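Comments concern the structure below.
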Amino acid sequence: MHDPKSRETKYLNDKVHNTDTYMPVRATGPLHEPLPWVIELRIVGTVSTIQVQVHETMMIGRADPQKGIVPAVDLSAHNGQGLGVSRQHSVILVKDNRIFIKDLGSVNGTRLNGNLLAPQSEYRLRHGDEITIGQMRLQVRFTVVPTIGMNPKGTTGSLDAPVPRIAHGETALVVEDDLDVAKVFHMALRHAGFNVTVVDSAASAIAYVSHQFPDLLVLELMLPDMNGLDLLRYIRKQPDNAKTRAIVCSGATGGFQMHQAIEAGAQLFLGKPVSVEDLLKGATKVLDLDTSLVSPQPES
């Protein structure tokens, strides 16, 4: 007969807690954000990466269908139980336009950059932080940060605030195979006044440009069927491509990659994490858009 206690999270004793004191909470300022953040959780010591959208809250733990527990990030398949992950271990949440993590009173605790978190307290997460869930180490990487930037009062804005209409129906082609990233780019550019098309492969992009060239091309370097730079070089060899202004977005942020992108015909290189503010500022710059006569557009 199955022992129900076999699924319980084992207390790992001094392996986890030692004599540590709880990490003090990081301070932050007031903001708000309705669009999802796109973040990656890279399991340290493995090749596994978990990518998720964070809208408001996202629980990390182990699934237990019998108890109705289905965390957004289920670590069961990654030896979560053996590494001391509780069913409802911790939660990542969006608050004041920032990303936070909170331990839910887990058996083996949660750490941020090696520091033990006090249960039920919110700690700010930053790009590059490492969280430890029980004994499982996860590196946090932001892929898209959905902020708009500074409003006239000098506080940080968001897509919950009026969105500046920088375009008047100009066409934008987003070539991005990551659906989470593509969704945020599509929404941001659409609210900014672009007529947006999203494709997830170089082949689809080539089919698009065979009929028309977009005013703005937003391109990921790592595509499933072709290197993004090769796609850009192909486009630049076509007649009448001169009107297309290209922004390359990539997690490869070295100077060499940036130089290659510019040589291939890009006007701008944005390293991930890409903020919506940087994307819209980049579009304004490369298209030389005059935004002095337009007003912010409310969300619809």
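Read-outs throughout are calculated quantities, based only on the coordinates presented, and are distinct from any laboratory measurement. Worth saying up front: this structure is predicted, and the values here are computed from it rather than measured. Reconstructed Cβ throughout: ideal geometry from the backbone, glycine too, with neighbour counts over all protein chains shown.
Counting only C-alpha contacts under 8 Å and six or more residues apart, can you give the relative contact order of the range 43-138 as a whole percent? Please report the intermediate quantities before stating the final value.
Working: 206 pairs, mean separation 23.1, N = 96.
So the answer I get is 24 percent.
Which residues' amide hydrogens lie under 5 Å from the amide hydrogen of SER121, considering only partners 5 or more residues apart or on another chain, with H built in the peptide plane?
ASP103
When a/c reaches 1.5 or more, the comparison of a/b and b/c decides; with that in mind, is the range 38-143 rounded, prolate or oblate per its Cα gyration tensor? Show your work: numbers first, answer last.
Numbers: a/c = 1.28, a/b = 1.20, b/c = 1.07.
Cα axes put the range 38-143 in the rounded bin.
Is there a quick way to get the dipole size of the range 171-287? I mean about its Cα centre, with the Cβ of Lys and Arg at +1 and of Asp and Glu at -1; what is the value in debye to the nearest 20? Each step should come with its number before you reach the end.
Working: 10 positive and 13 negative charges, 85 e Å.
In debye, rounded to 20, the range 171-287 gives about 400.
Equivalent ellipsoid semi-axes for the range 171-287, as square roots of 5 times the alpha carbon gyration tensor eigenvalues: give them largest first, rounded to whole Å.
Working: eigenvalues 62, 56, 40 Å².
Equivalent ellipsoid semi-axes, largest first: 18, 17, 14 Å.
Name the long-range amide H neighbours of MET226: under 5 Å, sequence gap of 5 or more, or other chain; modelled H, no Pro or chain starts.
ALA202
Among PHE256, LEU179, LEU287, which residue has its Cα furthest toward the positive end of the charge dipole of the range 171-287, with +1 on Lys/Arg Cβ and -1 on Asp/Glu Cβ?
LEU287
If amide hydrogens are placed 1.01 Å from N in the peptide plane, which non-local residues have theirs closer than 5 Å to the one on CYS249?
Counting only residues 5 or more places away or on other chains, the set is LEU219, GLU220, LEU221, LEU270.
Which pairs in the list LYS67/LYS95; LYS237/LYS272; LYS95/LYS183; LYS10/LYS95; LYS10/LYS67 are over 25 Å apart, alpha-carbon to alpha-carbon?
Working: LYS67/LYS95 28 Å; LYS237/LYS272 27 Å; LYS95/LYS183 21 Å; LYS10/LYS95 32 Å; LYS10/LYS67 18 Å.
From LYS67/LYS95; LYS237/LYS272; LYS95/LYS183; LYS10/LYS95; LYS10/LYS67, over 25 Å: LYS67/LYS95; LYS237/LYS272; LYS10/LYS95.
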